[in-house]
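J.: My structure is below; once you've seen it, I'll send some questions.
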């Protein structure tokens, strides 16, 4: 069995490699420390399983999942991450992940995870099993928000990203080379398109609550 292990923490990667090798005979593991190298390995060599961290230099684990799907790479992808987060979970499964394993539980669940995906089944860490049952409802809600974000013009989206950085209208106007009045108009249109209602800081609060969504536009 050949496994690609992509994680940018060498000590963690070595520990996981030793764990897997101790439970599976004739297991060949190739380790890389960033997502771009993971893609290069997948383009040159065939792996039964690809274990991918989400947060990596160059390319994220989600980027590598998309690469695997778009290029029909014959491997079984497992996400291994510290993110106990329903949005990241759904992004992973929406892009072809077979397993989703939390790093904090990897020493306990990794062997079972590998056995499950090799048998053709999905595997999800026990702590986040409810996310799997809730995928349809959650995806519907998130797709509605994504659609609203995608409806923003380029200048509105750039304004939203600056609001997310807690920039004032004056600061945004200087960065975008427009008037403060124009920025206020952009903010109003953004709130209308995203169906956000409330006081003067409501758009920033929305950005804080939905910051991860801005990563996946």
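The values are calculated or read from the model by the stated rules, or taken from the named source; none is laboratory data. Everything quoted here is computed from the prediction, not taken from an experiment. All Cβ positions, even for glycine, are placed from backbone atoms using ideal geometry, and neighbour counts span all protein chains on display.
J.: Would a scan of the range 58-77 turn up a residue that is within 20 Å of residue 24 (Cα to Cα) and in contact (Cβ under 8 Å) with a residue 40 or more places away in the chain?
T.: Within the range 58-77 (the criterion being within 20 Å of residue 24 (Cα to Cα) and in contact (Cβ under 8 Å) with a residue 40 or more places away in the chain), the answer is yes, since at least one residue qualifies.
J.: For the range 24-42, name all the residues that are surrounded by fewer than 16 Cβ atoms within 10 Å (Cβ to Cβ), within 22 Å of the chain's Cα centre (by Cα) and part of a loop (DSSP other than H, G, I, E, B).
T.: none
J.: Could we say that residue 168 is out of contact with any helix residue (DSSP H, G or I) (no Cβ under 7 Å at 6 or more places or on another chain), without any contact (Cβ under 8 Å) to a residue 60 or more places away in the chain and not assigned by TED's automatic domain parsing to the domain that holds residue 55 here?
T.: Against the criterion (out of contact with any helix residue (DSSP H, G or I) (no Cβ under 7 Å at 6 or more places or on another chain), without any contact (Cβ under 8 Å) to a residue 60 or more places away in the chain and not assigned by TED's automatic domain parsing to the domain that holds residue 55), residue 168 qualifies.
J.: Hey, can you tell me all the residues within the range 43-65 that are over 14 Å from residue 95 (Cβ atoms) and crowded, with 20+ Cβ neighbours inside 10 Å?
T.: 47, 49, 51, 53, 56
J.: Can you go through 25, 84, 94 and tell me which one is closer than 18 Å to residue 122 by Cα and out of contact with any strand residue (DSSP E or B) (no Cβ under 7 Å at 6 or more places or on another chain)?
T.: Sole residue among the options that is closer than 18 Å to residue 122 by Cα and out of contact with any strand residue (DSSP E or B) (no Cβ under 7 Å at 6 or more places or on another chain): 94.
J.: Among the helices (runs of 4 or more DSSP H) contained in the range 98-214, which hold 2 or more residues that are surrounded by 12 or more Cβ atoms within 10 Å (Cβ to Cβ) and touching a strand residue (DSSP E or B) at 6+ places or on another chain (Cβ under 9 Å)? Steps first, answer last, please.
T.: On the way: elements: 106-118, 129-133, 135-150, 154-164, 169-176, 180-193, 202-209.
Because the criterion is at least 2 residues that are surrounded by 12 or more Cβ atoms within 10 Å (Cβ to Cβ) and touching a strand residue (DSSP E or B) at 6+ places or on another chain (Cβ under 9 Å), the helices (runs of 4 or more DSSP H) in the range 98-214 that meet it are 106-118, 129-133.
J.: Please identify the pairs in which a residue from the range 136-148 that is within 17 Å of residue 192 (Cβ to Cβ) has its Cβ atom under 9 Å from the Cβ atom of a residue that is modelled with pLDDT of 80 or more, counting only partners at least 6 apart or on another chain.
T.: Close Cβ pairs (under 9 Å, with a partner that is modelled with pLDDT of 80 or more) amount to 145/194; 148/193; 148/194; 148/195.
J.: Here's another thing I want to ask about it. Assess whether residue 46 counts as being farther than 25 Å from residue 142 by Cβ, in contact (Cβ under 8 Å) with a residue 24 or more places away in the chain, in the same structural domain as residue 18 (by TED's automatic domain parsing) and not in a helix (DSSP H, G or I).
T.: So residue 46 passes the test.
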